[in-house]
Amino acid sequence: MADVDACDLWGGLGLGISYDDGPYRLAIITCGAVALLCFVVSSISKNYSQVDKIWSIIPVVYAWFPVCDSRTLLMACLVTIWGIRLTWNFNRRGGYKWPLWDGDEDYRWEVIRTGGLIKVLANPLAWTLFNFGFVSIYQNLLLLLIVAPSFVAYTMATSANCIITYARDLNILDVIATLTFLACVLIESVADNQQFAFQTEKYRLRNAGNPELLVGDYADAAQKEVASIWNWSAIGSVLLVLLFQGSGWFTEKITMAKYPSYKDYVKRVPLYIPNMLDNWLKLKQE
């Protein structure tokens, strides 16, 4: 019987970073270079959404680094599908312009930079450190970590200690995971179109002289799929959930300050998870 404990994924991670010239080392070097580039470009252009521009692109690049068999190839293809969908949606919202460092900046960075979240960040030096540490380094590290399951699959497929416990051929679990992933991408695509229509109508009403927020059936929520197995690769998905939990709270705080009636909307519509029972009861009453 195979010794499952002999497959040390943490050890594989350390070995890959420290000694291997393969995908681990390449990904770390790329991540560091991209983080530094984002910091320099954002500092010069004063547009602090540089990481936003690569949010859907650089994980796709990382996902192709560890491709070594049919499973890691499948994972890379799925990440590419996710990236194409998100990049297209970001582009139609004005996220990409020429020159490349131009384009829309996330309005929340301006609020944070002027002390709207933490007052000390209004200090230029404090903001520069925040831009370097969180905006550039942390977010880029997160974009690498969310692709970590691909690197775990690579270690399982190539490590002598792990290969005896690794199912080389694609199986029913791969099919289930793939269909689940594609279903999540489809749901996200629908949500993207709903949000785009919502924002388009909101600005149309605003330009027509109605400054109040358009309130309807659409709930502005963050939909992100998480694909990982429970080992060190889960760190990325956990950190991503925490990031969007915090950014969601901050976004609602800004929105309530801009649109007073949004406070009533928040009481009726949850931020992330719809209240299906409440919606069902309302439909039944109607």
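Could you give the nm distance between label points at Ala122 and Leu239, where each point is 7 Å from its Cα heading toward the beta carbon? It is 3.1 nm. Once backbone amide H atoms are built at 1.01 Å from N, Cys68 has Leu73 as its partners under 5 Å, excluding neighbours fewer than 5 places away on the same chain.
Within 10 Å, count the other beta carbons around each residue, average over each peptide in 167-173, 156-162, 88-94, and list them highest first.
Working: 167-173: 10.0, 156-162: 18.4, 88-94: 14.4.
The peptides rank, most packed first, as 156-162, 88-94, 167-173.
Rounded to the nearest Hz, the phi-derived 3J(HN,Hα) couplings of the range 177-186 under the Karplus curve 6.51 cos²θ - 1.76 cosθ + 1.60 (θ = phi - 60°) are 5, 5, 5, 5, 4, 5, 5, 5, 5, 5, where x marks glycine and proline.
So which of Lys202/Lys258; Lys53/Lys258; Lys46/Lys119; Lys46/Lys97; Lys119/Lys258 end up more than 21 Å apart by C-alpha? Write out the running numbers ahead of the final one.
Details: Lys202/Lys258 13 Å; Lys53/Lys258 26 Å; Lys46/Lys119 19 Å; Lys46/Lys97 15 Å; Lys119/Lys258 19 Å.
Violating the 21 Å Cα-Cα cut-off are Lys53/Lys258.
For the range 87-100, the Karplus equation 6.51 cos²θ - 1.76 cosθ + 1.60, evaluated at θ = phi - 60°, returns couplings of 5, 4, 5, 5, 5, 5, 8, x, x, 10, 9, 10, x, 4 Hz by residue, with Gly and Pro reported as x.
Rounded to whole numbers, the Karplus 3J(HN,Hα) couplings from phi for the range 29-34 are 5, 4, 4, x, 5, 5 Hz, using 6.51 cos²θ - 1.76 cosθ + 1.60 with θ = phi - 60°, and x at Gly and Pro. Leaving ligands, DNA and RNA out of it, report the carbon-plus-sulfur percent of the accessible area of the range 1-116 at a 1.4 Å probe. That share works out to 68 percent. Considering only alpha-carbon pairs that sit under 8 angstrom and 6 or more positions apart, the relative contact order computed for the range 1-146 is 28 percent.
The values are calculated or read from the model by the stated rules, or taken from the named source; none is laboratory data. Every value quoted in this text rests on a predicted model; they were computed, and no experiment measured them. We place every Cβ from the backbone using ideal geometry, glycine too, and count neighbours over all the protein chains shown. To get the accessible areas, we keep the full protein, side chains included, count just its heavy atoms, and leave off ligands, DNA and RNA. Shrake-Rupley method; radii C 1.70, N 1.55, O 1.52, S 1.80 Å.
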